[in-house]
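**Student:** Right, I'll just put the structure down here and ask away after.
Read-outs: derived from the displayed coordinates by stated rules, not from any lab. Predicted model only: the values in this text are computed from it and were never measured. Every residue, glycine as well, gets a Cβ built from its backbone with ideal geometry; the counts of neighbours run over all protein chains shown.
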Amino acid sequence: MNNSVKKDARFERRPVAPSVTLEQVSFAYSGEQIFSSLNFTVKGGQWTCLIGPSGCGKSTLLRLISGTLREGLSGRIHFSDGSSHKGLTAWMSQKDLLLPWLSVEENVCLGARLRGEMTAQKRSKAMSLLEDAGLGEYANALPSSLSGGIRQRVALLRTLMEERSVILMDEPFSALDALTRLKLQDLAARLVEGATVLMVTHDPLEALRLGHRIYVMTDRPAKVSDALIPPGCPPRNPGDSAIISMQATLLKRLEGRDNS
């Protein structure tokens, strides 16, 4: 796979996308403590991967950062440039959540359409991205006629069209076959370059392939390990010997046999 990622001129973000810091964050839901005094930083302008057992609170952490979940929260979540949650974050979930009555092009442009900001320039950008993703021929198709892999590519482009500095991803590639997953990872790595990305994943190899930094979250009340920093730049070759070797370290942390 190509390890060289060039910044896409269509996505001019701030010179340095903000870091996101959680300070002494505690959160309880239905009487259960999910986080207790959690301290965690997502470094600006990099792709951070968060991995851990099911139910430990990874998706909850994304919702707290996005500002969509606030009740029961104590502590502080802040962006290094002083911005608020509103208008700064974009979200991509495991499910594509395409609106079935809209075409592919209309789904990609959904945010602009809802805000009344649709312009010829935005439509041109959407079509250009669809061509890059190999989806130009599907611009007028409805989601019901598309495969799962194509739908997920559309969801990725819809997220990127928002041009947010902080992108939150909740297992965005898990439903895809292996080859489509690799291709979509490559596309995402190119198009989100320069943004602050936090991605939840259950796949150690995916984390090692895409992450500048990888954190392991323990079970509830959740804690986060020190960062694991793979060599080289993403997207990395999954067959690289250094990446294969580092999987052992990551698996030890997941199994709780490494307390670093």
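**Student:** To the nearest 20 Debye, how big is the dipole of the chain about its Cα centre, given +1 on the beta carbon of each Lys and Arg and -1 on that of each Asp and Glu? Intermediate results must be reported in sequence, preceding the final value.
**Tutor:** Working: 32 positive and 27 negative charges, 77 e Å.
Magnitude of the dipole: close to 380 debye.
**Student:** Could you tell me the largest-minus-smallest coordinate of the C-alpha atoms of the range 127-191 on each of the three principal axes, in descending order and whole angstroms?
**Tutor:** If we take the Cα atoms of the range 127-191, the spans are 30, 26, 18 Å.
**Student:** So which residue, out of 235, 100, 204, gets the largest mean-square fluctuation from a GNM of the chain using Cα contacts under 10 Å as springs?
**Tutor:** In the Gaussian network model the winner is 100.
**Student:** With springs only between Cα atoms under 10 Å apart, run a GNM on the chain and tell me which of 165, 37, 93 wobbles the most.
**Tutor:** 37
**Student:** Roughly what % of Cα-Cα distances in the range 140-260 sit above 26 Å, to the whole percent?
**Tutor:** 25 percent
**Student:** Beyond 23 Å between alpha-carbons counts as too far, so tell me which of 58/183; 58/125; 95/183; 223/252; 183/223; 58/252 fall in that bin.
**Tutor:** Values: 58/183 25 Å; 58/125 32 Å; 95/183 18 Å; 223/252 16 Å; 183/223 32 Å; 58/252 19 Å.
Where the Cα-Cα span goes over 23 Å, the pairs concerned are 58/183; 58/125; 183/223.
**Student:** Another question, if that's okay. Can you tell me which of 96, 219, 132 moves the most in a GNM of the chain? Springs connect C-alpha atoms under 10 Å apart.
**Tutor:** In the Gaussian network model the winner is 132.
**Student:** Per-residue ellipticity at 222 nm for the chain, helices alone: DSSP H runs ≥ 4 residues times -39500 (n - 2.57), over residue total, nearest 500 deg cm²/dmol?
**Tutor:** Helices in the chain give a 222 nm mean residue ellipticity of -9000 deg cm²/dmol.
**Student:** If you wrap a convex hull around the alpha carbons of the range 58-199, what volume per residue comes out, as a whole number of Å³?
**Tutor:** Measuring per residue, one finds 125 Å³ for the Cα hull of the range 58-199.
**Student:** Right, here's the next one. If I compute Rg and Dmax of the Cα atoms in Å from the structure I just sent, which labelled value in [x] 17.2, 54; [y] 18.2, 55; [z] 20.6, 76 lines up?
**Tutor:** So the calculated entry is the one marked [y].
**Student:** What number in nm² do you get for the range 99-163 if you take the convex hull of its Cα atoms and divide its surface by four?
**Tutor:** Over all viewing directions, the range 99-163 projects a mean Cα-hull area of 3.9 nm².
**Student:** Given H placed 1.01 Å from N in the peptide plane, which residues other than close sequence neighbours of residue 167 have an amide H under 5 Å from its amide H?
**Tutor:** 90, 196, 197, 198
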